[in-house]
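Visitor: First, the structure itself, so that you have it in front of you.
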């Protein structure tokens, strides 16, 4: 089964969510650990999305997108910035987007992976 790289919309959405989370520190009132966590998890979400775009048949890449999304989602509680509305909501929304699109793309990835295994 021929799988095209760089075309799955879910992965592009993960990249966009990561980019938004990382860049949002410039226009939200962020303090303390919120800045570092938003940038770190945002960049990791971008990298995981790009990895998934480059290797569309690799389920580990989709799981990585979902896990990093989950880490971004819980980061306001871990980093003690859940009371800062801008950074917290940005982390919750971008993290939820990462979880959703990571899991959403998992089924087609598994189908592609199974198809590649049966072709051998």
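For every residue, the table says whether it meets (1) within 16 Å of residue 107 (Cα to Cα); (2) surrounded by fewer than 20 Cβ atoms within 10 Å (Cβ to Cβ).
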{"position": "47", "(1), (2)": "no, yes"}
{"position": "61", "(1), (2)": "yes, no"}
{"position": "71", "(1), (2)": "no, yes"}
{"position": "76", "(1), (2)": "no, no"}
{"position": "81", "(1), (2)": "no, no"}
{"position": "87", "(1), (2)": "no, no"}
{"position": "92", "(1), (2)": "no, yes"}
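Visitor: Can residue 63 be described as more than 17 Å from the chain's Cα centre (by Cα), at negative phi and assigned to a helix (DSSP H, G or I)?
Guide: No.
Visitor: Being free of Cβ contacts under 8 Å to residues at least 24 places away in the same chain, within 16 Å of residue 68 (Cβ to Cβ), touching a helix residue (DSSP H, G or I) at 6+ places or on another chain (Cβ under 8 Å) and part of a helix (DSSP H, G or I): is that true of residue 39 here?
Guide: Spelling it out, residue 39 is indeed free of Cβ contacts under 8 Å to residues at least 24 places away in the same chain, within 16 Å of residue 68 (Cβ to Cβ), touching a helix residue (DSSP H, G or I) at 6+ places or on another chain (Cβ under 8 Å) and part of a helix (DSSP H, G or I).
Visitor: The conditions are (1) at pLDDT 95 or above; (2) assigned to a helix (DSSP H, G or I), and residue 109 fails exactly one of them. Which is it?
Guide: Of (1) at pLDDT 95 or above; (2) assigned to a helix (DSSP H, G or I), only one is false for residue 109: (1).
The values are calculated or read from the model by the stated rules, or taken from the named source; none is laboratory data. On a predicted model such as this, the values are computed, not experimentally measured, just so you know. Heads up, the Cβs are rebuilt from the backbone with ideal geometry, glycines too, and the neighbour counts pull from every protein chain shown.
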